[in-house]
Amino acid sequence: MKPKHQRMWLAGLAVLAVAGASGLALSALKDQAAFFYAPGDVKKQGLPLGRAVRLGGLVQGGSIRKAADGVTMRFVVTDGTATTPVTFKGIAPDLFRENSGVVAEGQFQPDGSFVATNLLAKHDEKYQPPELAGKLHETKSLKQ
Amino acid sequence: MIAEAGLAALWLAAAMAGLQLLLAANVVYSAREEMVRAIRPVAIAQGFLVALAMLCLILVFAKSDMSVKLVVENSHSAKPMLYKLAGAWGNHEGSMLLWVTILGIAGAAVAVFERRLDQRTLSATIGAQALIAVGFYAFLLIASNPFARVFPAPADGEGLNPLLQDPGLAFHPPTLYIGYVGISVAFSFAVGALVTREVGPAFARAMRPWVLGAWVFLTLGITAGSYWAYYELGWGGWWFWDPVENASLMPWLAATALLHSVSVLATRDGLRAWTIMLAVVAFSMSMIGTFLVRSGILTSVHAFAVDPERGAFILALLAIYIGGALALFAMRVGTVRQGNVFAPLSREGALVVNNLLLSVILGIVLIGTLYPIVAAGFGVHLSVGKPFFDKTTGPIALGLVVFMAAGPLLRWRRDQANALLKRMTWPVAGFGVALIVLVPFAWGIGVLPLAGLALAAGLAVASIAPLWGRNLRRTPLFTWGMVIAHLGIAVSLAGMASDSAFTKETLVVARIGEPHAVGPYWVRLKGLRPVIGPNWSAIAADLSVTRGEGGAPFILSPQARYFSDPPTSTNESAIATRLDGQLYTVLGQPDPSGGYQLRLWWKPFVTFIWLGGAMVALGGMLSLIGRVRRGRVRVVEDYYA
């Protein structure tokens, strides 16, 4: 093989690899990306069933209830326009509390409720997930 | 006073960097003798001055000088000394100063130690480094002065995020930064070689120690960061595919590819243009990492600077450096002479495949990390998480393991398929035996973990194969390095697969005295007690643990901690490490019925993940020592020849 041919082959392989990677990534993004929802979005866009998604909003005041087993809890997430009931089994993060921001990872159920496998709450007083900050801001301006 | 001295040192260092750039340009284009002699001292002076500025910042933090804005915002007089010091780089301004400090010191080190490059290439390299530094000095002095004062000075500071108050986090950012900056030095070598058209084996041998060093620090930083997240966040996982984790993984992937292609260039004078390209890509990844972490664009604990102006500044720097390097590459790549040819079935061939697969993984991680940011620009809020990355990178990484096993068993230049098959007998046997042992009692664990465990066994056998039939005491240090690093990957892979396949979890409300089972352990809550720390208070649960019903009991005490400045609570997990795994306990909230939430995990062989990471870093270090030593001998030989 001449050097020039080898170079062509290698360049071809590299292009193929990059194209393959992009294709794989984009096709996986289509069905794997966990989309971010606020309770109000469900009304507009319908229920995203059978897919891992994130649900964000405020924990409604007075809505946190513990089940009899002590480790399952139920609460309601609100964005000011709509509410979604959430079930979560596990240890809630330290800053999970009523009237505070939360992002839940999990799946919507056919009845419109949400089963969370993971909760992300504010890390400290200064910090709030930007995606949540944007969402709350959006709902606020929508109401005005 | 100290703050002003620091700021003055920073300005002087910036001036030195500017001077360095002018001198380098002059040497490359006219080579006047006095300029050649001046360039090394100027680079050393720059390193010294910027180190002085960093030292001033650390001093201000140590003294809790509340008239400095940065100290007020990120420190508190009641903090333990270690975290006061770590506070100096646990924030936006300080970490950027640390970045440029390491860059300056690395530049000085190149000026002092690099003897293999010719004068013009060396000057161009030092000039490229100065150019990177100038941008960062401008960023610090214009957009984020770490020494800004506040008047009137408040009585005390606002504290440091308690999650960051941990020895792991005090040390792992500097480790990662040394890795990032080491890659920038490799990039400067590439730019220097492009400018003077000296791309060849000599250049590769000069660049290799820097790539190796950067890669060792990146490996250590990622391993330490993963273990920190594992024990400190109390969620029991070791990798979250958080954008900040990806920001360190992407340069590592590029540096790993570069490390292997630089070997091809140094040993066989092949893959010239590709190696230069990888150096540019690796540096781009470390810049993108810096941008992602420091611009506040991300959803992450680490991204504490939410400031569009700074983000725009770093983005501009990013565009100038990456764009400039790519433009230079495009202009000069035609003049890079074609290297040696090799057969597809050869060590070089395997390394090319390794490079391609690493690049593919890198591409996927990059797309997955940037996609939400781009989508946000179009008003779509989405986040890409673990399911995406696991599904896409997992299978490719396992494929990479196969080539990793075969590569070192191949000869350079050209090899025979039959010979390779013969050499692969034992590794394949290892893979087969592992599969046969695992299948009967581990059928339910899933395809990927099963493949991972079996491949880890095959890779382990293949890794030590290059040592067979050799005189171990006369085996070169860099061969040992390769063997240990590859073995480390096998160990790590075994740990990851075992953790995802065999972890047992128990989540309960524990009442005093009740036994709860997890894996081979029984856990009883004995009692609760208050604990007072230097700047926190906590409730600790004393758990009495026995292995099986009759084993000797020992105590684990997970805590729920409360910090007052800023008001935050954290979980301190308690972990028992055994040869065959870890028992991981987390204390949750109290239950109205009088119990406490407890989360228990039994994680078989999970420690292998970080043990493997440490082995990989150790292998890199041995290689580095071997190469530097051999380089010394060569230089001395050349001198007397």
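The convex hull drawn around the Cα atoms of chain B, when projected onto a plane and averaged over every direction, covers 32.9 nm².
What FRET efficiency, computed as 1/(1 + (r/R0)^6) with R0 = 45 Å and r the Cβ-Cβ distance, is obtained for B:L467 and A:R74, rounded to the nearest 0.05? After rounding to 0.05, the efficiency reads 0.15. Potential lengthening of the chain between B:R32 and B:R529 amounts to 171.5 nm, from the contour at 0.36 nm per residue minus the alpha-carbon distance. Applying the Karplus relation 6.51 cos²θ - 1.76 cosθ + 1.60 with θ = phi - 60° to the stretch B:253-269 yields 3J(HN,Hα) values of 4, 5, 5, 5, 4, 4, 4, 7, 6, 5, 5, 4, 5, 6, 8, 10, 6 Hz, where x marks Gly and Pro.
For the residues of A:95-102, the average number of beta carbons from a partner chain within 10 Å of their own beta carbon is 1. Under 5 Å from the amide H of B:V336 lies no amide H of any residue 5 or more positions distant or on a separate chain, with H modelled from the backbone and absent for Pro and chain starts. 3J(HN,Hα) couplings calculated from phi for the stretch B:319-327 with the Karplus curve 6.51 cos²θ - 1.76 cosθ + 1.60 (θ = phi - 60°) are, in sequence order, 5, 5, 5, 5, x, x, 5, 5, 5 Hz; Gly and Pro show x.
Taking R0 as 45 Å, what's the FRET efficiency between A:V18 and B:A429 from their Cβ-Cβ distance, rounded to 0.05?
On the way: r = 36 Å, r/R0 = 0.80.
After rounding to 0.05, the efficiency reads 0.80.
Among the listed pairs B:K79/B:K504; A:K44/A:K89; A:K89/B:K391; A:K30/A:K66, which have their C-alpha atoms separated by more than 30 angstrom in this model? Listed pairs above 30 Å: B:K79/B:K504; A:K30/A:K66.
Counting Cβ atoms of other protein chains within 10 Å of each Cβ in B:384-394 and taking the mean gives 5.
Mean sequence separation of contacting Cα pairs (under 8 Å, at least six apart), scaled by the length of the stretch B:439-540, corresponds to a relative contact order of 22 percent. Here the Karplus curve 6.51 cos²θ - 1.76 cosθ + 1.60, taken at θ = phi - 60°, turns the phi angles of the stretch B:600-612 into couplings of 10, 10, 10, 10, x, 6, 5, 4, 4, 4, 7, 4, x Hz, with x standing for Gly and Pro. For B:R413, neighbours were defined as the other residues whose beta-carbon sits under 12 Å from its Cβ, and their charges (Lys and Arg +1, Asp and Glu -1) total +1. Per residue of A:22-30, other chain Cβ atoms within 10 Å of the residue Cβ number 6 on average.
Counted by Cβ distance under 13 Å from B:S226, the other residues give a net charge of -4, where Lys and Arg count +1 and Asp and Glu count -1.
With coordinates expressed along the principal axes, the C-alpha atoms belonging to the stretch B:85-158 extend over 56, 24, 14 Å, beginning with the largest.
Annotation: amide H-H contacts under 5 Å for B:R578 (H modelled 1.01 Å from N, sequence separation of 5 or more, or interchain): B:L583. Once a ≥ b ≥ c are taken as the square roots of the eigenvalues of the Cα gyration tensor of the stretch B:1-165, is the result rounded (a/c under 1.5), prolate (a/b larger than b/c) or oblate (a/b not larger than b/c)? Prolate.
Computed from the C-beta positions of B:A316 and B:T546, the FRET efficiency with R₀ = 51 Å rounds to 0.25.
For the protein assembly as shown, the Kirkwood estimate of hydrodynamic radius, built from reciprocal distances between every pair of different alpha carbons, is 28.3 Å. Shape class for the stretch B:481-588, computed from the alpha carbon gyration tensor (a ≥ b ≥ c): oblate, with a/c not under 1.5 and a/b at or below b/c.
In chain B, Cα pairs under 8 Å separated by at least six residues give a relative contact order of 12 percent.
Summary value for the stretch A:34-121: 30 percent relative contact order, contacts being C-alpha pairs under 8 angstrom separated by 6+ residues. Where the centre of each part is set by its Cα atoms, how far does the stretch B:345-382 sit from the stretch B:104-137, in angstrom? The two parts, judged by their Cα centres, are 30 Å apart. Quick one: work out the % antiparallel among DSSP beta bridges in the protein assembly as shown, nearest 5. Around 95 percent antiparallel, to the nearest 5.
Every read-out reported here was derived from the displayed coordinates using simple, explicitly stated rules and does not represent laboratory data. Since the model is a prediction, treat every value here as computed from it, not as a measurement. Virtual Cβ from ideal backbone geometry, glycine too; neighbours counted across all protein chains shown.
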